[in-house]
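A short write-up of the structure that comes next.
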C-alpha cells in the first residue's frame, strides 16, 4: 500500500472482548488499517451519516465488519439500511458472528453482505482469518484499493 494511504475499517460490535480481539488481529497485519469501533447499529449509522457530511473529518469506511447479534438495531437491520442507502451501498460489509445458522448466513448474503465469517475461538485463529480478509479487501479488491486516501480524516 502506498505511503499516506490507509484503509478505514468500521467495526460494529457490542462485546468489549470481541472488540479487543479484533483490534489485536488488525494490529498484527502487514497492511495497516485504521480501526474505528462502535458498539451499536445506531452508533454505526450515526458514524456513516457524519462521514457523508461535506467537509467532515470522519473517514468513510472502506470496509465494515458487522456483528449480527446486538441490542437495538441489530446487524441485519443495519445491513438492510446500509445496502438501501445510495451513499453507502457500495461499502463492503462482512458479517463476523458467532452464529453458524444457515438462515443467518443466507439472509446476510440475500441482503448483500460481502462475506460471512464465524467468530474464531482463539486470538491466533482470528489473526489468520483477518489476515486473509485484509489481504483480499486491501491488497486485491479494486473497489477498496482505488479509494484508500485518509486525507482530512481524524
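The values are calculated or read from the model by the stated rules, or taken from the named source; none is laboratory data. It should be emphasised that the depicted structure is a prediction, and the values quoted were computed from it without experimental measurement. All Cβ positions, even for glycine, are placed from backbone atoms using ideal geometry, and neighbour counts span all protein chains on display.
Any idea which of 19, 29 is within 15 Å of the chain's Cα centre (by Cα) and surrounded by 14 or more Cβ atoms within 10 Å (Cβ to Cβ)?
On inspection, the qualifying residue turns out to be 19.
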Filter pass, residue 49 being over 20 Å from residue 95 (Cα atoms), at pLDDT 95 or above and surrounded by 13 or more Cβ atoms within 10 Å (Cβ to Cβ): yes
Flag for residue 90 being in contact with a strand residue (DSSP E or B) (Cβ under 7 Å, 6 or more places away or on another chain) and surrounded by fewer than 14 Cβ atoms within 10 Å (Cβ to Cβ): no
Lone qualifier among 71, 86, 16 - being modelled with pLDDT under 90 and over 19 Å from residue 116 (Cα atoms): 71
